[in-house]
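Here's the structure we're looking at; comments come further down.
The values are calculated or read from the model by the stated rules, or taken from the named source; none is laboratory data. Fair warning: this is a prediction, and the values are worked out from it, not measured in the lab. No Cβ is skipped: glycine too gets one built from the backbone with ideal geometry, and neighbour counts run over all protein chains shown.
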Amino acid sequence: MITNDYIDEMATYARWQNDNVYLCCEEIGPEERKRDRGMFFGSIHNTLDHICVVNRSILTFLNGTLPERNAPGYAVWPDWDELKSVRVEQDDLLSIGAREWTETWLAGKTTKRDPQGDDLPAIPRWVMVVQLFNHQTHHRSQVTSALHSFGIDYGATDIPWRPGAGYFAG
């Protein structure tokens, strides 16, 4: 079982990493962000869009609502500024969750029956929160690999060295 401290640490870490990725992506411009690079979701933009789509789905599921289905291969937020805004809103929601999600709520299971007939499994909410953070990390690494091909130094990714962590304060 995870704690609010875990969620707070991961939400702060995710925001730091997302800020870094999006800042680096600003450097390459819209044409390069949208160029098909043979990544699983084609482009850097589509990969970042996918992260936000899955974040939205998990956050919706955590609240007991069936996530919206999206056709694969198309960007829900094709506009860069809108995608950036959605990402910041989601980072904010995770920071709020770190303060508001109780251990009892996290331990509870959430299930919904799909109106089209798919039964969703009963999954503890804390598992879905961990999945959300893990999923972001997985796909951010695909983006940072693509950025590396531009010679862009993405910087540190280690949790203890994030700005403001204070683990090494003397």
Counting only residues in region 26-62 that are within 15 Å of residue 145 (Cβ to Cβ) and among the basic types (Lys, Arg), the one surrounded by the fewest Cβ atoms within 10 Å (Cβ to Cβ) is identified as 35
Subset of region 74-127, residues in a loop (DSSP other than H, G, I, E, B), under 30 Å from residue 33 (Cβ atoms) and either modelled with pLDDT of 95 or more or of a type in the set (Val, Ile, Thr) (or both), comes to 76, 77, 78, 79
Output for Cβ contacts, cut-off 8 Å, separation at least six or different chains, first residue under 10 Å from residue 91 (Cα atoms) in region 1-23, second of a type in the set (Gly, Ala, Ser) and assigned to a helix (DSSP H, G or I), reads 11/95; 11/97; 11/98; 12/95; 15/95
Of the residues in region 63-106, those that are among the aliphatic types (A, V, I, L, M), within 20 Å of residue 41 (Cα to Cα) and surrounded by 11 or more Cβ atoms within 10 Å (Cβ to Cβ) number 4
From the option list 28, 7, single residue qualifying as assigned to a helix (DSSP H, G or I) and closer than 30 Å to residue 124 by Cβ is 7
